[in-house]
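**Student:** I'd like to ask you about the structure that follows.
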Amino acid sequence: MGKRLSLTLALFATLVSCSGSFATEFPVLKETINDFAGMMPETSAHDLEERLKNFRKQTGHIIVVVTVRTLEEEDIESFSRKAFQSLQLPETELKKSVLLLVALKDRKVTVQTGSEMRDLFPEPASSQKLQAQVGLYFDGMRRDLGLYAGVNYIFQVVKGEVHVDSITDLEKLEEASIKGGGAGAILAVFLAPFLAFMVGALWGIYATKLGLERGLRLFMGGILGGGTAKSVAILMAFVSSYSAGLWYFILAISIPLGVFGSLTEFWMSGEWSGIPRVKDPIKRKPEDNMGI
């Protein structure tokens with residue numbers, strides 16, 4: 001029994017040491033996709049794998065994608081270096097290779113490159129750019145789209161279409177698209193004046209019932225119109241930024257509309273609203289069919 005117990009303990013210790021070494025060492029990696037984090041559906045992984053193979057045929061460069069669930073408190077740079085060193089490639093091909101590493105739970109992205117590719121992927125700019133590409137999809141239903149975005153960015157860098165250390169017009173356009181571009185400015189221009197008029201109109205109706213003096217009513221309408229524009233501008237700034245000149249333009253429109261909305265005696269009377277100025281003095285009878 002003592003020998004069996006000793007043998008069992010020795011076997012258990014061996015398994016523990018092996019599992020610990022597996023956590024720090026990589027298995028043999030494929031030269032395309034190694035999705036250990038399970039971020040890609042099978043069809044998506046197959047499609048991206050074909051793209052990587054075609055890119056290799058066209059350019060001679062190897063792009064390897066590695067995803068892991070967690071880094072287990074290890075530094076992502078050392079982790080990615082181990083992954084790159086574990087690639088079973090000849091030295092000539094390793095020099096032209098790029099490895100994209102994504103740690104899902106840690107929400108980190110980095111890149112490792114061969115000696116011939118380091119000028120194209122300077123650090124830390126490369127990892128920051130790829131983090132921005134992949135990180136958008138960490139919380140979505142299609143995390144594989146982040147890998148597509150990261151790989152596509154690497155394709156563009158290798159082809160010379162974009163440069164890591166500078167921002168091209170294409171990248172500016174993509175960044176503006178991601179952030180909503182001028183959506184905030186457009187919404188502010190159209191929404192602020194409309195709401196300023198509506199707030200002024202509601203205030204005008206309420207103030208008229210209270211019998212407030214016209215001058216005070218119109219003055220408060222202008223203040224409420226400007227305040228409404230300011231509130232809309234603050235909210236739209238979360239969508240995208242816009243210039244101070246545009247803000248003053250919105251304010252210049254909203255204040256007069258707030259004043260006009262408070263001018264209830266104009267837009268709530270007469271032909272403007274379809275209400276006749278003078279009531280018909282002749283009392284109509286039912287047989288007149290209401291004058292129809």
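For (1) modelled with pLDDT of 90 or more; (2) farther than 15 Å from residue 36 by Cβ; (3) among the aliphatic types (A, V, I, L, M), each residue gets a yes or a no:
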position	(1), (2), (3)
68	yes, no, yes
72	no, no, no
77	yes, yes, no
80	yes, no, no
86	no, no, no
91	yes, yes, no
94	yes, yes, yes
98	yes, yes, yes
102	yes, no, yes
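**Student:** Which residues, taken from the stretch 108-147, are surrounded by fewer than 19 Cβ atoms within 10 Å (Cβ to Cβ) and under 17 Å from residue 33 (Cα atoms)?
**Tutor:** 142, 145
**Student:** Output the qualifying pairs, or none if there are none: Cβ atoms under 7 angstrom, residues six or more apart or on different chains, first residue in the stretch 51-69 and closer than 15 Å to residue 102 by Cβ, second residue surrounded by 13 or more Cβ atoms within 10 Å (Cβ to Cβ) and of a type in the set (D, E, K, R).
**Tutor:** Hits for this filter: 64/31; 67/35.
**Student:** Give just the number: which of (1) part of a loop (DSSP other than H, G, I, E, B); (2) touching a Leu at 6+ places or on another chain (Cβ under 7 Å); (3) polar (S, T, N, Q) does residue 67 not satisfy?
**Tutor:** It is condition (1) that residue 67 fails.
The values are calculated or read from the model by the stated rules, or taken from the named source; none is laboratory data. Note that the structure is a prediction, hence the values are computed from the model and not measured. As a convention, Cβ positions derive from the backbone with ideal geometry for all residues, glycine included, and neighbour counts pool all protein chains shown.
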